[in-house]
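Remarks on the structure that follows.
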Amino acid sequence: MVEEESVRVVRCGGSELNFRRAVFSADSKYIFCVSGDFVKVHSTATEECVHILQGHRNLVTGIQLNPNNHLQLYSCSFDGTVKLWDYVDGILIKTFVVGLKLHALFTLPSAEDSVFVIINKEKPDVFQLVSVKLPKSSSQEIEAKELSFVLDYINQSPKCIAFGNEGEYVAAVRDFYLSVYFFKKKTTSRFTLSSSRNKKHAKNNFTCVACHPKEDCIATGHKDGKIRLWRNFDDDKKYTYTCLHWHHDMVMDLAFSVTEIIVIHRNLEASAVIQGLVKDSNIFTGLMVDPRTKALVLNGKPGHLQFYSLQHDKQLYNLDIIQQEYINDYGLIQIELTKAAFGCYGNWLATVEQRQEKETELELQMKLWMYNKKTQGFVLNTKVNMPHEDHITALCFCNAEKFENPTLVTSSKDGHFKVWILTDDSDIYKKAVGWTCDFVGSYHKYQATNCCFSEDGSLLAVSFEEIVTIWDSETWELKCTFCQRAGKIRHLCFGRLTCSKYLLGATENGILCCWNLLSCALEWSAKLNVRVMEPDPNSENIAAISRSSVGSDLFVFKPSEPRPLYIQKNISREEVQWGVFVPRDVPESFTSEAYQWLNRSQFYFLTKSQSLLTFSTKSPEEKLTPTSKQLLAEESLPTTPFYFILGKHREQQDEKINEAFESELVQLPLTENIPAISELLHTPAHVLPSASFLCSKFVSSLLLSKETKSGEEIPEDVDMEEGKESDDSDEENDFTEKIQDTNNTDLGEDLLHQLSKSEEKELRKFRKVDYSWITVL
Amino acid sequence: MGEFKVHRVRFFNYVPSGIRCVAYNNQSNRLAVSRTDGTVEIYNLSANYFQEKFFPGHESRATEALCWAKGQRLFSGGLNGEIIEYDLQALNIKYAMDAFGGPIWSMAVSPCGSQLLVGCEDGSVKLFQITPDKIQFERNFDRQKSRILSLSWHPSGTHIAAGSIDYISVFDVKSGSAVHKMLVDRQYMGVSKRKCIIWGVAFLSDGTVISVDSAGKVQFWDSATGTLVKNHLIANADVQSIAVSDQEDSFVVGTAEGTVFHFQLVSVTSNSSEKQWVRTKPFQHHTHDVRAVAHSPTALISGGTDTHLVIRPLMEKVEVKNYDAALRKITFPHRRLISCSKKRHLLLFQFAHHLELWRLGSTVATGKNGDTLPLSKDADHLLHLKTKGPENIICSCISPCGSWIAYSTTSRFFLYRLNYEHDNISLQRVSKMPAFLRSALQILFSEDSTKLFVASNQGSLHIIRLLEGSFKHLHTFQPQSGTVESMCLLAISPDGNWLAASGTSAGVHVYNIKHLKLHCTVPAYNFPVTALAIAPNTNNLVIAHSDQQPLPNDKTLLYNPLPPTNESDVIRRRTAHAFKISKIYKPLLFMDLLDERTLVAVERPLDDIIAQLPPPIKKKKFGT
């Protein structure tokens, strides 16, 4: 089954959660966020992701609650469909195919059977707001082609559209225009602000719009930080506005609260409670895997290193590396976290930060962090100011077991590589430890570009521009050099396990070389423009991603043979910046040779637009199953009286009874097969009719129909008894009945037959009594 | 246009006094403005905001309240406790009447215009009956604890609202007793201020009272229940003034931070009749306190300590976009404060209480067009002449030969003889002025300095022959029968044969000096005359009107080159051929030809005025 599936590239995180405004459910129990091709449903109480609504084939661009049913959610996507979801259960209810790229979605309570979407028909930069009539049909996939045009020349962002006064008008802003369309009058008013002639109005551009929930008042945000409150906009001449100036920078979003106060979201990304992968402007550190938490580690918010759980698509925590207040101002040169590496099974973390304002003024700092078991976090151990004279190009720990002393090697553009070891600090108790420089190596004043330890830690490879040097890690002697004259070495790595005698190097000129360390000769070389080269820690495999004109291609190979194990062309249209193998907790068992490289580890890669992608063989349908499974109420029932009617317990009991009465018994109809019960269990509680109405239906459903009751009916009594118990109504009859029942069960088995018959009668009587009693009331 | 040597004079250190009150008269579309030195100016809004009349100030007469009654009657009240009515025809004070309540802080005329209400320092509100020629005290209202700073009538005239310190009282006019007392929150941004001064109240016809106070609040009260309806905190400093439009659909408030806020009555939703007051536009045209605001049907008018009168048209009320729709800022008086002696290159500057005589600097250097020539001799301050008494100077003049100086206050006329002995000047007052020469609105010397023309405020025009050290009264032109209109502008032809005189509204009279009789009268134009001049050779009379269209007396066209005969207020209009416009100057107060090739221009940069004012309320500016 698995083999039949092909390996696909799937987005696994890092999609912007704040790409569109998050939506709260009507009861505020859930919050919905768009996340790439999915919609995520988070619980507001626990922040956990409850469901992932999957089904769109492209970026989801808008979500809105169904105004007619607050348990449903509309979503629209670039794939040209509007989908209706049941978010409580995570089920796709309907798909409306519009066929055009949809940029944003709006719903209105007054427009019952239509939604509003932003489309882009002709010119690339001209967007239209149209209303789409959603036809009523029972089928899953419906064509919705009935579009009616509302507003032209608008902005594609949904922040630039707002509906006001219960859908009487819609306001849209773009550049220097505010357009208001009145649905009743079918007229559009347009207001223009003076544009960039003089300096005073240079940043008059509209950035967002919001409508007052009750009054005819439109608030617009502007690029210069102003907020304008427009009134009387139904009159072209008498319109008026107030200007509020609170911000020094662009107004990103605004909203009216109930008490007329406008809440503004500031320009810096607000730290959301639910955080996915935080995107820094640039990922310098690359992707790493924390050996302890198995979390992906990379640049997070400015000056931080983020730990991101791949399993849960959730940020675990941020480690403040730079430990300075971040001043958010455009044009400032910030301290940047450029390199990081884990060493010694996650006990040590080395980070490098730099700030360069001018060519000659480089500020460089290396920090070494020790993992503290008590606090379960990293504690700063050593801070090295200016570890090198120039930029640090690479950083690597020696991870071999035989080394007692943790060793770190840094290579720099100043032509040196430095070996740092952990030693006793100058503490009289000799308890404190710190890092000191042990050895400085160089080679003909070339810039050191890469460094890498072999798997056993005995050899260190340092590349100096075009030359690779091999050093003995015990004596720090230069063992040998390799030079291929094929451009500067961009990537360098040793082979693993059986291939540990090979050293791989990728150059800027697009040559991939493999040297044999035993023969000190070139084993093979291939022409491949390698962008990313990552060894799998659990196998011999090495993944290389090359960049071609159409996209990025993946090659997986073993250093021992130049023939790749697996090739996947065009894994991403964008340039792939970083990649990493993440060891699997439970190894997969792909038997197909092509997929064997995925058995032990999973390969993740990060594109330039910072979406995190991986390879998966599971189909999207398969991924859906766990959520749909939750529907089966029986599996998760607690042991209540109700459980005894349903659930597995019954089956077991059946078996027992079968054993006891052998051939006398007929097989009981399973509760799952009774439509009334399944209906009762699968319908959400709020749409169920009243309990008194259900009661009779429920009880009668538990009775065997007369036709089937032809023969023995003995086993029925167990059921019926419990059925009554579950009824548990508060009238006296019930009580007497119960006594009777217990008496019945106390009697010998022979009597059961007749008693059950009498009981059945009683039950019928009770039903009648039940209703008469209610009517009396 | 020819080439001129221009004296750019910037040593006229004139600072107008701050605006205290503004009163708008809807019937005549005129605006009365009172300044802190007691000067009251009347602007004609229909005539391009021309300041057509003014009443000179007085040291002891600080005006605190100003209001129009019955269309054409103007009353003011001041800190000396007197109610003053102004004679708008004769341009003098009709009468002053003590209200006997200490300094007067506020005044309000009843909607029907027959009653005048005065709020005094001692907490009393006094009601006066306006009789055709005077006002008569009627009765006192219930006395309040502290001074009454603001008053407003209900449009029906049955109730009034009075703003005091910490509370607003609503009075019943019939009984004179306080109906409600509405206490204002003293708290300001959570801190309890010592006092909350109600700077202004406005009573609307629906019973709403709007108050502005020193805590920066604009509050809406229900006068029927005496409860607060709505509160707008708009400033960190005092809100000092309020004015409501006649339709009661918008009002304007001015704050001590120099901001003017416009409030409008806006329907809540387009299809409901429910309306609410909404703060709409803020205007920041002032640097200092906005002490007074007015609301004309088409414009918001504000004035304050920074001496500007700002007229901001409401764009939605303006029909055509023309010159009237532009923002106007009026800083300088629309009359001549400077006179020039061409022969001796002297300039006489008129201040409120003194005169300054300066000799212009000179240069020997020559240069190209646009060059700044170095001075070989600096300008010289020759004389500082202080007036006696508390009255402001109305007008002054120096003779073209430079040996006579004349000036006038409201009660006295002064004539001085200047003697030059090398660099020394001696000043000799000509005593024994005739009894009829008590006060002058305009003084002019003839070109040969032998005659003095004085326009008195009775409408008569006196001609005096000047002799060495003495004078002789030649003739008096009496005003036309039936009119008592005063002449405020005079012009003499260079040959001394013709004298043109103009009043505020009627036409220009031209007198023949040789025969001492009225030669002719130029019919009145729609707009008042702002400047007069008689061309040297042709004896053409050039009249500048406030609509900025100069009209020559006879129908000859004005040909280029023509020296601009402009005064500060005459903004030259680009007419096809006759005028050239030069934009290199700062606000000009005076311009004259010293000789054929020399011009003198007196500039007064606005920044210099602002620099001499007290510092404004410090506001935190972002990024500083």
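The values are calculated or read from the model by the stated rules, or taken from the named source; none is laboratory data. Since this is a predicted model, take the numbers as computed values, not measurements. In this analysis, Cβ positions are derived from the backbone assuming ideal geometry, glycine residues included, and neighbour counts consider all displayed protein chains.
A single entry from A:180, A:209, A:173 fulfils the requirement of being crowded, with 19+ Cβ neighbours inside 10 Å, closer than 26 Å to residue A:149 by Cα, at pLDDT 85 or above and within 14 Å of another protein chain (Cβ to nearest Cβ): A:180.
Within the range A:53-75, work out how many residues are over 10 Å from residue A:37 (Cα atoms) and of a type outside the set (Phe, Trp, Tyr). Don't jump to the end; show me each part of the working.
First, pick out the residues of the range A:53-75 that are over 10 Å from residue A:37 (Cα atoms): A:62-75.
So of that shortlist, the ones also of a type outside the set (Phe, Trp, Tyr) come out as A:62-73, A:75.
Residues in the range A:53-75 being over 10 Å from residue A:37 (Cα atoms) and of a type outside the set (Phe, Trp, Tyr): 13 in total.
Filtered by the rule that a residue be in contact with a Leu (Cβ under 8 Å, 6 or more places away or on another chain) and surrounded by fewer than 18 Cβ atoms within 10 Å (Cβ to Cβ), the range A:26-37 gives a lone residue, A:26. Applying the selection to the range B:385-430, what residues are in a strand (DSSP E or B) and closer than 15 Å to residue B:337 by Cα? Scanning the range B:385-430 gives B:385, B:395, B:396, B:397, B:398, B:405, B:406, B:407, B:408.
Looking across the range A:109-146 at every residue that is among the hydrophobic types (A, V, I, L, M, F, W, C) and more than 17 Å from residue A:75 (Cα to Cα), the one that is surrounded by the most Cβ atoms within 10 Å (Cβ to Cβ) is identified as A:127. Determine, yes or no, whether residue B:345 is within 19 Å of the chain's Cα centre (by Cα) and of a type outside the set (Ser, Thr, Tyr). No: the conditions fail for residue B:345. Restricting the range B:296-306 to residues that are within 20 Å of the chain's Cα centre (by Cα) and surrounded by fewer than 23 Cβ atoms within 10 Å (Cβ to Cβ), the residue that is farthest from the other protein chains (Cβ to nearest Cβ) is B:305.
For the range A:477-490, residues that are assigned to a loop (DSSP other than H, G, I, E, B) and surrounded by fewer than 14 Cβ atoms within 10 Å (Cβ to Cβ) total 2.
If the condition is being in contact with a Ser or Thr (Cβ under 7 Å, 6 or more places away or on another chain) and under 23 Å from residue A:94 (Cβ atoms), then the range A:151-191 contributes only A:167.
The single residue among A:278, A:289, A:297 that is closer than 30 Å to residue A:364 by Cβ, under 17 Å from the mean Cα position of the chain (by Cα), at pLDDT 80 or above and not assigned by the TED database to the domain that holds residue A:43 turns out to be A:297.
Take the residues in the range B:42-88 that are in a strand (DSSP E or B) and aliphatic (A, V, I, L, M); name whichever of them is nearest to residue B:333 (Cα to Cα). Filtering the range B:42-88 for residues that are in a strand (DSSP E or B) and aliphatic (A, V, I, L, M), the one nearest to residue B:333 (Cα to Cα) comes out as B:42. Applying the criterion of being in a strand (DSSP E or B) and at pLDDT below 90 to the residues of the range B:232-249, the residue that is nearest to the other protein chains (Cβ to nearest Cβ) is B:232. Considering only the range B:269-294, how many residues are within 13 Å of chain A (Cβ to nearest Cβ), part of a loop (DSSP other than H, G, I, E, B) and among the charged types (D, E, K, R)? Residues in the range B:269-294 being within 13 Å of chain A (Cβ to nearest Cβ), part of a loop (DSSP other than H, G, I, E, B) and among the charged types (D, E, K, R): 1 in total.
Note on the range A:491-533: residues that are over 35 Å from the mean Cα position of the chain (by Cα), surrounded by fewer than 21 Cβ atoms within 10 Å (Cβ to Cβ) and aliphatic (A, V, I, L, M) total 6.
Residues being modelled with pLDDT under 85 and either in a strand (DSSP E or B) or within 13 Å of another protein chain (Cβ to nearest Cβ) (or both) are entirely absent from the range A:155-162. For the range A:212-243, residues that are farther than 23 Å from residue A:257 by Cβ and more than 10 Å from chain B (Cβ to nearest Cβ) total 2. Sort out which residues of the range B:218-231 are assigned to a strand (DSSP E or B) and either of a type in the set (Val, Ile, Thr) or surrounded by fewer than 23 Cβ atoms within 10 Å (Cβ to Cβ) (or both), and write them in order of number. Selection gives B:218, B:220, B:222, B:227, B:228, B:229, B:230, B:231. Within the range A:312-366, the residues that satisfy the criterion of being at pLDDT 85 or above and among the small types (Gly, Ala, Ser) are A:340, A:341, A:350.
Pick from B:252, B:266: which is within 14 Å of chain A (Cβ to nearest Cβ), farther than 30 Å from residue B:394 by Cβ, touching a residue at least 24 places away in the same chain (Cβ under 8 Å) and not in a loop (DSSP other than H, G, I, E, B)? Step through it out loud before you land on a result.
Working: B:266 fails: touching a residue at least 24 places away in the same chain (Cβ under 8 Å).
Sole residue among the options that is within 14 Å of chain A (Cβ to nearest Cβ), farther than 30 Å from residue B:394 by Cβ, touching a residue at least 24 places away in the same chain (Cβ under 8 Å) and not in a loop (DSSP other than H, G, I, E, B): B:252.
Among the residues of the range B:535-546, is there at least one that is β-branched (Val, Ile, Thr), crowded, with 18+ Cβ neighbours inside 10 Å and modelled with pLDDT of 50 or more? Write out each step before concluding.
Going residue by residue through the range B:535-546, those that are β-branched (Val, Ile, Thr) are B:538, B:542-543.
This time we only want the ones that are crowded, with 18+ Cβ neighbours inside 10 Å, so: B:542-543.
Retained after the next criterion (residues that are modelled with pLDDT of 50 or more): B:542-543.
Yes: one or more hits.
How many residues are farther than 19 Å from residue B:476 by Cα and surrounded by 20 or more Cβ atoms within 10 Å (Cβ to Cβ) when one looks only at the range B:408-430? Of the residues in the range B:408-430, 3 are farther than 19 Å from residue B:476 by Cα and surrounded by 20 or more Cβ atoms within 10 Å (Cβ to Cβ).
Would you check if there is a residue in the range A:18-37 being under 18 Å from residue A:163 (Cα atoms) and of a type in the set (Ser, Thr, Tyr)? Walk me through how you get there before you give the answer.
If we filter the range A:18-37 for residues that are under 18 Å from residue A:163 (Cα atoms), which is where we start, we get A:20-24.
After this cut, where a residue has to be of a type in the set (Ser, Thr, Tyr) as well, the list is none.
Within the range A:18-37 (the criterion being under 18 Å from residue A:163 (Cα atoms) and of a type in the set (Ser, Thr, Tyr)), the answer is no, since none of the residues qualifies.
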